[in-house]
Amino acid sequence: MSQQPITASVPFPRAAAVQLGLPQLRANLGRATRTIREKRDRVVAEVPDWEALRDRAAATKDAVIDQLETLLAEFERTATAAGATIHHAAGADDANAIVTGLVQAEKARTVVKIKSMATQEIGLNEALAEAGIEALETDLAELIVQLAGDTPSHILVPAIHYNRGQIRDIFAAHMPGFQGDSDDPARLAAAARSYLRQRFLEAEVGVCGANFAIAETGSLVIVESEGNGRMCLTLPRTLIAVVGVEKLLPRFADLGDFLRLLPRSSTGERMNPYTSILTGVHSGDGPARLHIVLLDNGRRRVAADPVGRQALRCIRCSACLNVCPVYERAGGHAYGSVYPGPIGAILSPQLTGQAAGANQSLPFASTLCGACYDS
C-alpha cells in the first residue's frame, strides 16, 4: 500500500477517492480511531462536570482572543524577565528565517524536535534542510513518518495510517542499526529509543512548540507521552519554541482546566505522563538560552472574524478527528492540509486562505452529522 501523501492542491473529493481505494489504510484507521474513542469515553465518563469544564475552558480561550494584544505584551514582559528572548513572526517565512538564523548562530548542523503542529504549519523542517540543517523528529510517530519520507495524517497520532508490520518495514529500510524482523511494539519502541539516545546527547539545539503559554508567568507548558520532549527541553544548550499566539492563557490558575481536558480528549488518559513547565532560564538546569517565536501566520485575522474566531479555541486534542466518519475512512492526507479532519476543514482555509491548496474543497469533507461538535 502506498503511503505517500497526496499533493496538497488535489481537491478533497478526488483525494478521498484515492484513499478509499486502500483497504489496509481503512483498516488501520478504523482500528486506531475506535480504540481512542473507547478510551476517551471511559475517562470522560468519570468527570461529572465535563460539559461545564469544557464551557469554562472555551470562555477562557474567548477571553484570550478578546485581550490578545494585552496578553501578548504581558507574556513578553514576564518571559523576558525570566531570561527568555522573544521574537515576533508575522508569517511562516519570518518564523523560518528567525529559527534558521538562531540555529546557524549556534553553528549547529542538527536540531532535535518535539512534536509541533506549528512547526509543521510553517514548513520548518524543509526550511532548515534548505539551510543544510537536519531537523530530527524525536516523537516516535513523527520519527516513523519522517523515516518513511511521509507526512503526518493525524494531529495527535501522526503515523495512525501505519500498522506495526509496516512500521517494522520502515525501520528495517531506513533506521540505521535496526536489526530483527519482529513487529512487537515494545521492540520497535526500544529500537527507536536506542537510535535517538545518542542524538539527544549530541544535540546543541532543541526545537519545540507549546500546548499553552502563561501570560502571568511567562511559562511554556508542553505535554507529551514518551519522555522525548523532556530530553529535548533539558539536554540542548539552546531551546527554540515556536508558539502560536492563540496558545496563551491569562493566568497559571487557568491551566488546571486544560490539563483535565486535554489528556482525556486526546489519548484517553486521566493525565499526561509528562507535563513540563518551562519558565525562562536557570543556571545549571535546562537550556542556557531560550528563544520564543510568537507566531501569527493568520491568527490575528481569524481572531477578527466574529464567527471564525471560535476555531482558535482548539487545543489540538484531535477528538473531532476520532469521531468523524469522513476522517475515519479517508484519512488525513486527503485533506491536503497540516490540520486534517473537521478542525482542519475549518481552520486551514482561515489561516492560509480559501484559494490555497485544497482549501476550497474542504466543505465537501463533511457529512454534517455533528459528531465533531459533540466531541
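Filtered by the rule that a residue be within 21 Å of Gly229 (Cβ to Cβ), of a type in the set (D, E, K, R) and touching a residue at least 40 places away in the same chain (Cβ under 8 Å), region 132-180 gives a lone residue, Asp139. Within region 270-313, the set of residues being part of a loop (DSSP other than H, G, I, E, B) and open to solvent by 50 Å² or more (accessible area, probe 1.4 Å) comprises Arg270, Met271, Pro273, Ser283, Gly284, Ala304, Asp305, Pro306, Val307. Checking Gln120, Gln146 one by one, the residue that is modelled with pLDDT of 95 or more, within 29 Å of Arg299 (Cβ to Cβ), open to solvent by 50 Å² or more (accessible area, probe 1.4 Å) and not small (Gly, Ala, Ser) is Gln146 and no other. Might you let me know whether region 248-268 holds any residue that is open to solvent by 10 Å² or more (accessible area, probe 1.4 Å), in a strand (DSSP E or B) and within 24 Å of Arg289 (Cα to Cα)? The answer is no; no qualifying residue exists.
Taking Ala191 as the residue in question, decide whether it is out of contact with any Phe, Trp or Tyr (no Cβ under 9 Å at 6 or more places or on another chain) and hydrophobic (A, V, I, L, M, F, W, C). For Ala191, the condition - out of contact with any Phe, Trp or Tyr (no Cβ under 9 Å at 6 or more places or on another chain) and hydrophobic (A, V, I, L, M, F, W, C) - is not met.
Residue by residue, here is whether (1) under 19 Å from Thr78 (Cβ atoms); (2) under 16 Å from the mean Cα position of the chain (by Cα); (3) not polar (S, T, N, Q) holds:
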site: Pro236; (1), (2), (3): no, no, yes
site: Ala241; (1), (2), (3): yes, yes, yes
site: Leu248; (1), (2), (3): yes, yes, yes
site: Arg264; (1), (2), (3): no, no, yes
site: Gly280; (1), (2), (3): yes, no, yes
site: His291; (1), (2), (3): yes, no, yes
site: Arg309; (1), (2), (3): no, no, yes
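Return the residues of region 314-327 that are open to solvent by less than 30 Å² (accessible area, probe 1.4 Å) and in a helix (DSSP H, G or I); say none if nothing qualifies. Across region 314-327, the qualifying residues are Ala319, Cys320, Leu321, Asn322, Val326, Tyr327. Checking Ala45, Ala73 one by one, the residue that is within 22 Å of Lys247 (Cα to Cα) and either β-branched (Val, Ile, Thr) or at pLDDT 95 or above (or both) is Ala73 and no other.
The values are calculated or read from the model by the stated rules, or taken from the named source; none is laboratory data. Treat the numbers as computed from the prediction; the structure is a model and nothing was measured. Quick reminder, even Gly has a Cβ in these numbers, built from the backbone with ideal geometry, and neighbours come from all protein chains shown. These accessible areas exclude ligands, DNA and RNA; they are computed on the full protein's heavy atoms, side chains included. Shrake-Rupley method; radii C 1.70, N 1.55, O 1.52, S 1.80 Å.
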